[in-house]
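Structure, as structure tokens:
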Amino acid sequence: MAGRKATAADLGAYICFEDEAGQGLRPPKGRTWVPRGARPVVTVRGRGSGRVNIAGVVCYRPGHRPHLMYKLLIYHGRKDEPKSFTWSDYRDLIVAVHQQLGTPLVWCWDNLSVHLAAELARFTEANADWLRIYRLPAYAPELNPAEGIWSLMRRTMANFVLTDLTALVRIVKRKLKKIQYRPQLINGCLAQTGLIIEETTVTT
């Protein structure tokens, strides 16, 4: 990570960590307080069509407030409907984050096949003045702070009963918005990885 931090410092950039998650109509399981021997039962539909996919980005820069941004893809289970994000969806997400932050970006993500698309490589080369992309080591989710965001989101969604995709989208947006307004939680996700992002001191 040292090389990426130096690059970010040289560019005056945010370091951005991207990751994906998905949630269907079956709620995450969670613990709760009940009388002994009276296990609670949450009744949900036996089969739910559809899913909400989330591409989330956490952005850090020394001395600045951290940011969480995301893009949703709603899959209704219809024929020929895209089930996952395409390379152009990721391109649009990168552009949106750049426009929102107004600084160069050092973008870090895993080795998902769509991340390696030739179109994204060409896009990166064409925008080298404000964009650098680095791939995280394989099988190392513990290095990605965005993983902590999904843990926080699912923890607050435990045992919710949802009847349709509209309700699911509404609650996902609500939970993510709460995290967006709590920078200490976003910083906490970085702290859990053990990574440190700090200013580089230059002496003469």
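The values are calculated or read from the model by the stated rules, or taken from the named source; none is laboratory data. None of the values given here were measured: they were computed from a predicted structure. FYI the Cβ positions are ideal-geometry reconstructions off the backbone, even for glycines, and counts take in every protein chain you see. With ligands, DNA and RNA removed, areas are computed over all heavy atoms of the protein, side chains included. Shrake-Rupley method; radii C 1.70, N 1.55, O 1.52, S 1.80 Å.
For the reader, a short list of remarks on this structure follows.
- Computed on protein heavy atoms with a 1.4 Å probe, the accessible areas place 18, 147, 142, 81 in the order 142, 147, 81, 18, largest first.
- Candidate residues 51, 39: accessible-area rank, largest first, probe 1.4 Å: 39, 51
- Residue 81-residue 169 FRET efficiency (beta carbon distance; Förster radius 22 Å; 0.05 resolution): 0.90
- Phi angles of the range 56-70 translate, via the Karplus equation with coefficients 6.51, -1.76, 1.60 and θ = phi - 60°, into HN-Hα couplings of x, 9, 10, 10, 10, 8, x, x, 10, 5, x, 10, 10, 10, 7 Hz per residue; Gly and Pro are given as x.
- Less than 5 angstrom separates the built amide H of residue 14 from those of 106, all sequence-distant by 5 or more or on a different chain.
- Since only 190, 103, 41 are under comparison, the one whose Cα sits farthest along the positive direction of the charge dipole of the chain, derived from C-beta charges on Lys, Arg, Asp and Glu, is 41.
- In this calculation the C-beta distance from residue 191 to residue 155 is compared with R0 = 25 Å, giving a FRET efficiency of 0.90.
- Cα-based Rg / Dmax (Å) for the chain: 18.9, 70
- The Rg/Rh ratio of the range 83-204, with Rg taken over Cα atoms and Rh as the Kirkwood radius over Cα pairs, comes to 1.00.
- Using alpha carbons only: equivalent-ellipsoid semi-axes of the range 152-199, gyration tensor based, whole Å: 29, 11, 7
- Considering every alpha-carbon pair of the range 66-114, the percent of pairs per 5 Å bin, from zero through the bin containing the longest distance, is 4, 15, 25, 22, 17, 9, 5, 2, 0.
- Panel values: the range 46-136, Kirkwood radius from alpha carbon pairs, Stokes-Einstein at 25 °C and 0.890 mPa s, translational diffusion coefficient 167 µm²/s.
- Surface/4 estimate of mean projected area, convex hull on alpha-carbon atoms of the range 112-164, nm²: 6.3
- Surrounding net charge for residue 20, when Lys and Arg each add one and Asp and Glu each subtract one, Cβ distance under 11 Å: -4
- Using only Cα coordinates, the Kirkwood hydrodynamic radius of the range 88-142 works out to 11.8 Å.
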